[in-house]
Amino acid sequence: MSILIDPPFWPAHGTLFSHMVSDASLEELHAFARAQDLSERAFDRDHYDVPQQRYDALVAAGAVAVPATELVRRLIASGLRVRAKERPERLDAVLLARWESLGLSAPELGRELLDCWSQEQRTYHDRAHLLAVLAALDTLGSPARLGSEHLGVHLAAWFHDAVYLGRATDEEDSAALAAARLPGIGVREQVVAEVVRLVRLTKTHKPEPGDNAGALLCDADLEVLARNPAAYRRYTTAVRREYAHVPDPDFARGRAVILRGLLADGSLYSTARGRELWEEKALANLHLELMELESVEP
């Protein structure tokens, strides 16, 4: 076990709080918290906030007392640290600035989409994921390089998981939302049709040869597969929490089907840049996860 806790130092709600983390995995952290009857509402992205009166009992249960500086250092080294710019209180301003940069003069729609991406049931498909996809698009191609495809691809990124309820119709419902909202803010019919097509494409992540816009969006959406092992584990843990109502064997079977589908064509990424940056790491992550899932499948 590698559960760490720093001294009660952080003031809030009339008491002091400690941070409790794992430098190995979020699964370990959540399991320890459940065993100690800590509410999930105390979890904040990469740590639990625990009140001063629980400190001694948590240490007695096995949490290792460390100085705050060591806790942060070990959390960063593990790859599980959620950076400040990825935290919800920072994300809205960053994302709204990106929305405004599209030049649509439609702040109401930007805020509506942020509300969609902020729904309580989302533990992976949230604002942090949206920002990661937009950042990955920046990595794959600047606006100048994308040319006329820039607006369509970026709008598709904003809409691709705007509806997310863990249902087979999520992509189609997200595409329908784009078709309903974009004409009202003056987006040309051809661009709306392209956004709808691209959003639907994220169901399979299999663009046709020559579909540059589709390749860019799908590769950006799959960038997460190439994270370092600890960050990849954080991603899979967050996805599993979105399907907490599904029994482990059923989830493992369904998740394995998705991974095998991604691996079926030999290459995960459709752009040369995506393959160069991410292919090797992503393949290693997927093969390891698939081995773990196969041990759970009935």
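The values are calculated or read from the model by the stated rules, or taken from the named source; none is laboratory data. Model, not experiment: these values are computed from the prediction. Because the Cβ atoms are built from the backbone with ideal geometry, glycine has one as well, and the counts that use them run over all protein chains shown. We work out accessible area using only protein heavy atoms, side chains counted, and drop any ligands, DNA or RNA first. Shrake-Rupley method; radii C 1.70, N 1.55, O 1.52, S 1.80 Å.
The residue that is least open to solvent (accessible area, probe 1.4 Å), counting only those in region 204-259 that are within 24 Å of residue 81 (Cβ to Cβ) and assigned to a loop (DSSP other than H, G, I, E, B), is 222. It is to be established whether one or more residues within region 136-149 are closer than 20 Å to residue 274 by Cα, touching a Lys or Arg at 6+ places or on another chain (Cβ under 8 Å) and open to solvent by 20 Å² or more (accessible area, probe 1.4 Å). Yes, because at least one residue in region 136-149 is closer than 20 Å to residue 274 by Cα, touching a Lys or Arg at 6+ places or on another chain (Cβ under 8 Å) and open to solvent by 20 Å² or more (accessible area, probe 1.4 Å).
The number of residues in region 1-51 being of a type in the set (Asp, Glu), over 24 Å from the mean Cα position of the chain (by Cα) and buried (at least 16 other Cβ atoms within 10 Å of the Cβ) comes to 1.
When residue 281 is tested against (1) assigned to a loop (DSSP other than H, G, I, E, B); (2) open to solvent by 80 Å² or more (accessible area, probe 1.4 Å); (3) farther than 19 Å from residue 157 by Cα, exactly one condition is not met: (1). Checking every residue in region 53-64 against the condition of being at pLDDT 90 or above, surrounded by 18 or more Cβ atoms within 10 Å (Cβ to Cβ) and assigned to a loop (DSSP other than H, G, I, E, B) gives at least one match. Taken together, 98, 73 contain a single residue that is assigned to a helix (DSSP H, G or I), open to solvent by 30 Å² or more (accessible area, probe 1.4 Å) and free of Cβ contacts under 8 Å to residues at least 12 places away in the same chain, which is 73.
Considering only residues that are at pLDDT below 90 and of a type in the set (S, T, N, Q), which ones fall in region 16-41? Within region 16-41, 25 is the sole residue that qualifies.
What are the residues in region 264-279 that are free of Cβ contacts under 8 Å to residues at least 24 places away in the same chain and under 23 Å from the mean Cα position of the chain (by Cα), if any? Residues satisfying the conditions are 267, 275, 276.
A Cβ distance below 8 Å, combined with a sequence gap of six or more or placement on separate chains, defines the contacts here; from region 127-145, residues that are of a type in the set (Val, Ile, Thr) reach no residue that is surrounded by fewer than 22 Cβ atoms within 10 Å (Cβ to Cβ) and at pLDDT below 90.
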